[in-house]
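Accompanying notes for the structure given below.
The values are calculated or read from the model by the stated rules, or taken from the named source; none is laboratory data. This structure is a prediction, so every number in the text was calculated from the model and none was measured. For neighbour counting, all protein chains shown are included, and Cβ atoms are generated from backbone atoms with ideal geometry for every residue, glycine included. These accessible areas exclude ligands, DNA and RNA; they are computed on the full protein's heavy atoms, side chains included. Shrake-Rupley method; radii C 1.70, N 1.55, O 1.52, S 1.80 Å.
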Amino acid sequence: GASRDARSLLLSLDHVDKVFGQNIVALRDMTLKVRQGDFISLLGPSGCGKSTVLRLIAGLMQPTRGRVRWEDATARDTLGVVFQEPTLMPWSTVADNVWLPLRLKGKTRKDVLPDIEEALATVGLTGFEDAYPRELSGGMKMRVSIARALVTHPRLILMDEPFAALDEITRFKLNNDLLAMREKLDCTVIFVTHSVFESVFLSDRIVIMAARPGRVIRELDVDEPYPRTEDFRTSTEYVAHCREASEALAQAMEGVAHEG
C-alpha cells in the first residue's frame, strides 16, 4: 500500500553475495529494502541463507559482493538480535542477562535498572529479575532473550527462528505477545522462520527464499491490519495467505530440485 512506500528506508541489501570457502554460495544477488515499521519474514528451507542475511545485517560477517547499506545510523547502533537458542549466561540472574548489552556499552546496572525492568515488563516477566535461567521454561528463557534485545530501545530487531524449539501452544502465545510488543514499541522486525503459518500471522511482507544458492524467489504481501489477534488465525484471509505462501514455498523447493 501507499502508506508502506511512504515509510522511511532503514537499510537495504544491494546485490549481496556470500560465499564460504572456495565455492559454497550461501547467498546470490540478495536485494532487500527494509523500511521503518516493516515486519518482514524470511521464509524458506534450511540452508537457503536466511540466517546468513541476519548475520550480514548484524555486521557479524561481511558480504563477498554487494553491500549492506544503512540509511539510519541509530537503527544500526541500537540493533536488537534474538537467536534461535536463548543464549543466556546460566550463572547470571535474569536481570543481569538483560543488562548485558548495556553493560557492554559501559552502563552500570544501577543506571539502567529502569530500562531492565521496563524490558522485562514488556515481555511479561516482572518479578523474575532474580531468577536464574535454569529455573525457567523454554518459553520464559526466550522471553528473557527478547527482553535483552529490547533493552537498547532498538529501531530494528533481528530474530532467527526464535520459537522453533518450542511447543505449538507456547509458540502461538509468543507470536501473539510479539505482535503486542511491537505495537507498543513501534519497531521494525526481520524474522527468520521455516513455518508458513508463523510467517503469515506475524508479517506484512514475506520474502520467500530458495537454497543452493540462497536467493529470493518471491515476495508476498500480507495486507491485513494490525493488531492481529487469535481471530486472525481462524479467518479465511489467513487461510488464503497461508495457501499462497505454501504454494510459493513449494515452487521454490521444486526449482531447487530441478536444478539439482
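Is region 156-245 rounded, prolate or oblate when judged by the Cα gyration tensor, a ≥ b ≥ c being the square roots of its eigenvalues, rounded requiring a/c under 1.5 and prolate requiring a/b larger than b/c? Rounded shape, in that the Cα axes give a/c under 1.5. When the alpha carbon gyration tensor of region 29-144 is reduced to an equivalent ellipsoid, its three semi-axes come out at 30, 18, 13 angstrom, largest first. Annotation: the antiparallel percentage among DSSP beta bridges lying fully within region 116-260 is about 55. For the chain, the longest principal axis of the alpha carbon atoms and the long axis of helix 94-103 meet at an angle near 70°. Assign unit charges at the C-beta atoms only (+1 for Lys and Arg, -1 for Asp and Glu), then state the dipole size of the chain relative to its Cα centre in Debye, rounded to the nearest 20. That gives the chain a dipole magnitude of about 900 debye. As a fraction of the 1.4 Å probe accessible area of the chain, surface on carbon and sulfur atoms comes out at 53 percent. Using C-alpha pairs under 8 Å with a sequence gap of at least 6, the mean separation divided by the residue count of the chain gives a relative contact order of 26 percent. Here region 1-76 was treated as a single set of alpha-carbon atoms; its pair distances binned every 5 Å from 0 give 3, 15, 25, 25, 17, 10, 5, 1, 0 percent. Backbone geometry of region 199-209 corresponds, through the Karplus equation with coefficients 6.51, -1.76 and 1.60 at θ = phi - 60°, to 3J(HN,Hα) couplings of 5, 6, 5, 8, 9, 9, 9, 10, 9, 9, 10 Hz, x marking Gly and Pro.
Could you work out the percent of alpha carbon pairs in the chain separated by over 25 Å, rounded to a whole number? Of all Cα-Cα distances in the chain, 45 percent exceed 25 Å. Overall, the anisotropy analysis places region 32-71 in the oblate class: the square-rooted eigenvalues a ≥ b ≥ c of its C-alpha gyration tensor yield a/c not less than 1.5, with a/b not exceeding b/c.
Oblate is the label for region 89-130. Its Cα gyration tensor axes, ordered a ≥ b ≥ c, give a/c of at least 1.5 and b/c at or above a/b.
Full extension of the chain between Trp91 and Thr170 yields a length gain of 25.9 nm, computed as 0.36 nm times the residue separation minus the alpha carbon distance.
When all alpha carbon pairs of region 105-260 are counted in 10 Å bins from zero, the resulting P(r) reads 9, 34, 32, 17, 7, 1 %. Remark: region 166-174, residue by residue, has Karplus-estimated 3J(HN,Hα) of 9, 5, 5, 5, 5, 5, 4, 4, 5 Hz, where x stands for each Gly or Pro and the curve is 6.51 cos²θ - 1.76 cosθ + 1.60 at θ = phi - 60°.
Net charge in the neighbourhood of Glu71 (other residues with Cβ under 10 Å of its Cβ; Lys, Arg +1, Asp, Glu -1) is +3.
Taking all Cα-Cα distances within region 118-204, those exceeding 22 Å account for 22%. Going by Cα centres, region 183-227 and region 12-30 are how many Å apart? With region 183-227 and region 12-30 each reduced to a Cα centre, they are spaced 20 Å.
Heavy atoms of the protein chains alone define the surface here; on that basis the chain has 47 Å² accessible area per residue at 1.4 Å probe size. Under a model in which nothing but the beta-carbon of Lys, Arg (+1) and Asp, Glu (-1) is charged, region 139-206 shows a dipole of about 260 debye around its Cα centre. Projecting the Cα positions of Thr234, Gly124, Thr108 onto the charge dipole of region 104-260 (unit charges on Cβ atoms of Lys, Arg, Asp and Glu, taken about the Cα centre) puts Thr108 furthest along the positive direction. Note on Val25 and Arg134: the extension gain reaches 35.4 nm, defined as 0.36 nm multiplied by sequence separation minus the Cα-Cα distance. Compute the signed sum of charges (Lys and Arg +1, Asp and Glu -1) over the other residues within less than 9 Å, Cβ to Cβ, of Thr93. Here the count lands on -3. Per-residue 3J(HN,Hα) values for region 120-130, derived from phi via the Karplus relation 6.51 cos²θ - 1.76 cosθ + 1.60 with θ = phi - 60°, read 5, 5, 4, 9, x, 10, 4, x, 9, 3, 9 Hz in sequence order (x marks Gly and Pro).
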